[in-house]
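Working notes, structure below.
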Amino acid sequence: MAIEGIVRKVTEVRPRIVEAAFACLNCGSITMVPQEDSQLRQPFECSKCSTKKMIFLPDSSISVDSQRVKIQEYPENLRGGEQPQTIDVILEGDLAGSVNPGDRVIINGIVRAKPRGLGQRKMTHMDLYIEGNSVEVLQQEYEEFEITEKDRELIMQLAASDDIYEKIVKSIAPSIYGHEDVKLAIALQLFGGVPKKLPDGTEIRGDIHILLVGDPGVAKSQLLKYVHRIAPRSVYTTGKGTTTAGLTATAVRDEVDGRWTLEAGALVLADKGIALVDEIDKMRKEDTSALHEALEQQTISVAKAGINAILKARCALLGAANPKYGRFEKFTPVPEQIEMSPTLLSRFDLIFVLKDEPDEEKDKRLVEHILYSHQLGEMTEKAKNVAAEYDEEFIRQRSERIVPEIDPDLLRKYIAYARKTVYPVLTDEAKEKIKEFYLSLRSRVKENSPVPITARQLESIVRLAEASARVRLSDRVEPEDVDRVIEIMMRSLREIAVD
Ligand code: ADP
Ligand code: MG
């Protein structure tokens, strides 16, 4: 059968004996014994003289290259916290060593079952695995979406409407009150900038990285969860991670047979999509250093225990973190309260500081909003009877607040369509505007700010402006895109980098 999935783990490539040579200690003749299992099968006696004294000759045995890889379902096909299914595939001969973790593949092979347990102690439970016959590495982006002619029409209509940015903002986590600027930033992140390959071979990423740092209970996790639902391709995880691979990738010894195994972490699995990392401040030490490379170069290099690999991690990162002391302290500068190194912080295109300060007016509206969504959730029959007593005005108000303006399915297609077909370029006017803004930024930098204003921000502005043009399905980045970007950029920089 053929299965399609993403490569999650690969073991190192090592020879496996298929025919073992045994020499007779009495007459010297050699007996070849075919091997199938992982346990070495010995001959019963010498085929010539029938003595039982034989020794194994590794050099005269015949072996093939062998590797075990683990294939996992596509993360985008999972709905609502399902655990992905995995299956082991044995690749031998030329096939061994042909895939890397994170690759999307179709594997053709034979499904086999073998009893669990090693040697004599076999059990009645069986494990399934696939004996691979061929491997195709796929290069697809967002094709897995079927966009019908009808969808296309709807998308065109949306893109042409005057208030499309507002509409999208209202479609991202409508049950969460406020945070409009964060939602707009997330929208731009979903659409993404244009990756570029320069004539000299340099690659510049188009992916936009965003960090949310905030007091507990300001709906950071909820936002991430929502993005997980609407992004065409995304992986959700927490900084501590539940798998050994964590955020980037790790080489570990396999618990079953002790072979070195390279396992892909969240950023590799999210290749060409978006990685959502909650509690990113609590990530492991090893991830911190690998993340530097992953965010800017979009690759992850692993060199350990004979495994040398460069994995692709071309994804956008949306991270959420708490401040150092759990909450923001009023009299300590904000940058000092973010527990991440300046080098790492400077790789984020936007950093949002979300403070939870009491404000009577705002709190009132927040309460209203939250209670609206609680008043009518998913309902039992009895609750429906009560709900029937609500007047029309209530129902209208409620849906205005917490029902997404654009249907999530359509939004997902819209994003996929824009990413696949629109590659905006800067107009001269937009370029001039960016130049002006950047130069003014440089002159306003806070002294000893942890996030220096460098050419990185310049690239960020371009990426964000491109994303903004993509929302309109426009081939040109216009000055209005730059204005939009400057506004959110300043909101992000004011807290940490400029006066
Ligand atoms: P965090 O991850 O920032 O600590 P959560 O995302 O877990 O916070 O949010 C805590 C709860 O408060 C959630 O149930 C969330 O829906 C609610 N909440 C917080 N802020 C808002 C808001 N602005 N609008 C609606 N609900 C909110
Ligand atoms: Mg949280």
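The values are calculated or read from the model by the stated rules, or taken from the named source; none is laboratory data. Quantities reported herein were computed from a predicted structural model and do not represent experimental measurements. Cβ sites come from the backbone with ideal geometry, for glycine too, and all protein chains shown count toward neighbours.
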Name the single residue that is farthest from ligand 2 (Cβ to nearest atom) among those in the stretch 233-243 being part of a loop (DSSP other than H, G, I, E, B) and touching a residue at least 24 places away in the same chain (Cβ under 8 Å). R233
Across the stretch 220-232, which residue is nearest to the chain's Cα centre (by Cα) among those that are within 20 Å of D349 (Cα to Cα), more than 9 Å from ligand 2 (Cβ to nearest atom) and not small (G, A, S)? H228
Tally up the residues in the stretch 169-198 that are surrounded by fewer than 23 Cβ atoms within 10 Å (Cβ to Cβ), farther than 15 Å from D481 by Cα, away from ligand 2 (no atom under 16 Å from the Cβ) and among the hydrophobic types (A, V, I, L, M, F, W, C), please. 2
Of the residues in the stretch 278-294 that are within 16 Å of ligand 2 (Cβ to nearest atom) and either surrounded by 15 or more Cβ atoms within 10 Å (Cβ to Cβ) or not assigned by TED's automatic domain parsing to the domain that holds G239 (or both), the one that is farthest from the chain's Cα centre (by Cα) is D281
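Out of G246, G217, I need the residue that is over 19 Å from E405 (Cβ atoms), assigned to a loop (DSSP other than H, G, I, E, B) and within 16 Å of ligand 2 (Cβ to nearest atom). Which one?
Residue meeting the stated conditions: G217.
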Could you check the stretch 344-377 and list, in sequence order, the residues that are β-branched (V, I, T), part of a helix (DSSP H, G or I) and surrounded by 12 or more Cβ atoms within 10 Å (Cβ to Cβ)? I370
Yes/no for Y226 being in a helix (DSSP H, G or I), in the same structural domain as T343 (by TED's automatic domain parsing) and of a type in the set (F, W, Y): yes
Looking only at residues in the stretch 97-120 that are over 26 Å from the mean Cα position of the chain (by Cα) and hydrophobic (A, V, I, L, M, F, W, C), which one is surrounded by the fewest Cβ atoms within 10 Å (Cβ to Cβ)? A113
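Report whether or not N108 is touching a residue at least 24 places away in the same chain (Cβ under 8 Å) and either part of a strand (DSSP E or B) or under 27 Å from E255 (Cα atoms) (or both).
So N108 passes the test.
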Are any of the residues in the stretch 295-304 within 16 Å of ligand 2 (Cβ to nearest atom), outside the structural domain of K9 (by TED's automatic domain parsing) and assigned to a strand (DSSP E or B)? no
Selection count where residues are among the aliphatic types (A, V, I, L, M), touching a helix residue (DSSP H, G or I) at 6+ places or on another chain (Cβ under 8 Å) and not in a strand (DSSP E or B), scope the stretch 305-339: 3
Checking I280 against (1) of a type in the set (V, I, T); (2) more than 16 Å from ligand 1 (Cβ to nearest atom); (3) within 20 Å of I208 (Cβ to Cβ), which test does it fail? (2)
Considering residues that are surrounded by 12 or more Cβ atoms within 10 Å (Cβ to Cβ), touching a residue at least 40 places away in the same chain (Cβ under 8 Å) and in a loop (DSSP other than H, G, I, E, B), the number found within the stretch 36-73 is 1
What about L318, is it under 24 Å from I208 (Cα atoms), without any contact (Cβ under 8 Å) to a residue 60 or more places away in the chain and within 16 Å of ligand 2 (Cβ to nearest atom)? no
Any idea which of E255, E166 is surrounded by fewer than 15 Cβ atoms within 10 Å (Cβ to Cβ), assigned to a helix (DSSP H, G or I) and either among the β-branched types (V, I, T) or more than 16 Å from ligand 1 (Cβ to nearest atom) (or both)? E166
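Got at least one residue in the stretch 191-211 being under 28 Å from I370 (Cβ atoms) and part of a loop (DSSP other than H, G, I, E, B)?
no
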